Structure formats: structure tokens, C-alpha cells
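Report on the structure given below.
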Amino acid sequence: MFHSFQHRLKIVRVLEDKLSNWRAKGVIISGLIEMESDGLDTYLKIVEKHRKAKVRKAAASVAAYMKYTQVVPRFIDRIFLEKDWSVRYALATSIARLSKEDAVEKLDEKYNAIQKQLTDETKKYYLTVHYAECLGAMGREEAIPILVGMLEQAIEHQRKQTNVLIVQVLYSLGEVGNEEVIDLLVQKRYERAFFAENVKNSAHHAMDKLAKKYGSTSISRYLEKKSDS
């Protein structure tokens, strides 16, 4: 037990080191993991159970710079249990790096499985919020159709529910969207589909972010260029 505690402490010390970057931490922690037969499990317990969110976040982040693709199922399970958004973000980005093409598919499967088990509508709602958040963090274009579908449903129900979901979906679309998403958001704005002020602001922010992705300083400038071409 004491030996295991010392091993865990060494990994945490590396994670909390302010002088080394993620890649360097990944090399050191990989070495520590390989030194013990249960090294990987010790590391995963830090990701899942350490009392400090900043340590859980660091442990999740460094996975993107290590070779252990077998951690992905545990990370996906953890995303929907984790209370801290910064840790969820780190988990999602590492999953995307380790799983590559099927990252979104794997997360989607887990999300749908949990949704089927839930009966409480509030829990279902916030599970979807976290799902949308993680899709944006993954940075994968495969998430676009899922997020667009969420947006359509969220718009239909925005007068009945809190706007947390629609704001999150818009933010994530700003992260992973393409020119078709810009067209969609412009159309929704033209149709006055966004009612609340925070939703309008989120939609504008998403459009501005995507416009910069395509070389314009703002959505207004993007639309000007498009009309001139």
C-alpha cells in the first residue's frame, strides 16, 4: 500500500511541475507507469479520483502525449461522471488525439447508452449539455451533423427550457464548424430563430469565430467578401 502511494505521489509531482510542458511530462509519466505492474491503473485512478480538479485535468491532458490508447474507454466513461468542465475538456481532447477517426462515434455510443438508462428529464438535459461540450472540445468535423441536429431541437424548445444547451451547442459549432454551418447560422439569424440575448450573442460569437477560420476578421466581413465573389 505504501509503495503504491509513493508511486502515485511521484506521478502527481510530475503533473504539478510548472517548468515542464505536456510532452515532457508525458515522457516522464510513461516511464513511471512502465516501472510498476499496476502503473497504468495507478495513473488512471489519479484521472478519476484525485481530489484536486487541476490534477485530474493535468492527468487527462498528458494522456494525449502518451501511447496508452487503452485508456480511451475509461476516459469516455469518466466524461459523463466528471463534475468539473475543465477536466471534461481535457478528457475529450485526449480521446480525440488517441482515438482519431472514431472518437466521436465512441463518445456518441456512450452518450446514447446513458440516455436510455435515465428517466429524469433534467439529468438527460444536462447530460446532453456535457455531450455537446465534449464534441466541441474534440475538434472533429464528424461532430457537425450531431451538433446541427441538437441545434434544431434546442431552437424548438428554447422557450420551454433553459438556454444552457443551445448556448453550448453554438459554442461547439464555433469550434468545429465549416462554411455550411456559417450559412445555417446566418439563416437562423435571418429567420429570428434566436430569442434570448445570450443565445443571440453566442450565435454571433460562433459565426465570428468561423469567419476567422476562413480568413475574415468578422462575420460581417465574411458575408461582404462572399457577396462580392
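Here, each number is a calculation from the coordinates, and none is a lab measurement. Because the structure is a prediction, the values reported are computed rather than measured. Positions of Cβ are generated from backbone atoms using ideal geometry, with glycine treated the same way; all protein chains shown enter the neighbour counts.
Can you tell me the mean projection area, over all orientations, of the convex hull of the chain's alpha carbons? Units nm², please.
If you wrap the Cα atoms of the chain in a convex hull and average its projections, you get 14.8 nm².
Based on Cβ point charges of +1 for Lys and Arg and -1 for Asp and Glu, what charge dipole magnitude is obtained for the range 162-229 about its Cα centre, in debye rounded to the nearest 20?
120 debye
So if the hydrodynamic radius of the range 113-183 is defined as the Kirkwood radius over C-alpha pairs, what does Stokes-Einstein give as its diffusion coefficient at 4 °C and 1.567 mPa s, in µm² per second?
105 µm²/s
Cross-link candidates for Lys67: which aspartates and glutamates have Cα within less than 15 Å, leaving aside residues fewer than 8 places away along the same chain?
Partners within reach: Glu34, Asp41.
Which aspartates and glutamates, on any chain, are close to Lys52 with Cα under 17 Å apart, when same-chain ones fewer than 8 places away are left out?
Excluding near neighbours in sequence, the set is Glu16, Asp17, Glu82, Asp84.
Mind giving me the FRET efficiency for Thr119 and Lys45? R0 is 35 Å, r the Cβ-Cβ distance, nearest 0.05 is fine.
0.70
For the chain, build the charge dipole from Cβ charges (+1 Lys, Arg; -1 Asp, Glu) around the Cα centre, then report which of Tyr68, Asn21, Tyr126 sits farthest towards its positive end.
Asn21
I need the Debye-formula profile for the range 118-229: one equal scatterer per C-alpha, no solvent, reported as log10 I(q)/I(0) at q = 0.10, 0.16, 0.20 1/Å, two decimals.
-0.28, -0.69, -1.03
Could you give me the ³J(HN,Hα) list for the range 59-75, computed from phi with Karplus coefficients 6.51, -1.76, 1.60 and θ = phi - 60°, whole Hz, x at Gly and Pro?
5, 5, 5, 5, 4, 5, 10, 10, 9, 7, 5, 5, 7, 3, x, 5, 5
Can you tell which of Leu165, Leu107, Ile33 lies farthest toward the positive end of the dipole of the chain, using +1 and -1 charges on the Cβ of basic and acidic side chains (Lys, Arg; Asp, Glu)?
So the residue we want is Ile33.
State, in angstrom, two size descriptors of the range 11-65 derived from its alpha carbons: Rg to one decimal place and Dmax to the nearest whole number.
Values for the range 11-65 (Cα only, Rg and Dmax): 10.1, 28 Å.
Expected output is a single nm value to one decimal: the length gained when fully extending between Tyr68 and Asp84, i.e. 0.36 nm times separation in residues minus the C-alpha distance. What is it?
Gain in length upon complete extension: 3.4 nm.
Need one number: nm distance between label points at Lys18 and Asp102, each 7 Å from Cα along Cα→Cβ, rounded to one decimal.
4.2 nm
Would you work out the Kirkwood radius for the range 44-98? I mean one over the mean of 1/r across all pairs of different Cα atoms, in Å.
10.6 Å
I need the peptides 86-93, 106-113, 185-192, 200-207 ranked by packing, meaning the mean over residues of other C-beta atoms within 10 angstrom, with the highest value on top.
Per-residue Cβ counts within 10 Å, averaged per peptide and sorted highest first, yield 86-93, 200-207, 106-113, 185-192.
For the chain, calculate the relative contact order in percent as a whole number, restricting contacts to Cα pairs under 8 Å that are 6 or more residues apart.
12 percent
Return a whole-number percent for the relative contact order of the range 118-229, with Cα pairs under 8 Å and 6 or more residues apart as the contact set.
23 percent
For Lys49, give me every one of the lysines with a C-alpha distance below 17 angstrom, ignoring sequence neighbours fewer than eight places off in its own chain.
Lys10, Lys57, Lys83
Work from the charge dipole of the chain (Cβ charges, +1 for Lys and Arg, -1 for Asp and Glu, about the Cα centre) and give the residue of Ile46, Leu223, Tyr89 farthest towards its positive end.
Most positive-ward Cα: Ile46.
So, with +1 on the Cβ of K and R and -1 on the Cβ of D and E, and no other charges, what is the size of the charge dipole of the chain about its Cα centre, to the nearest 20 debye?
Using Cβ point charges on Lys, Arg, Asp and Glu, the chain gives about 900 debye.
Using a simple charge model, +1 on the beta-carbon of Lys and Arg, -1 on the beta-carbon of Asp and Glu, nothing else, what dipole does the range 1-109 show about its Cα centre, in debye to the nearest 20?
Its charge dipole is roughly 600 debye.
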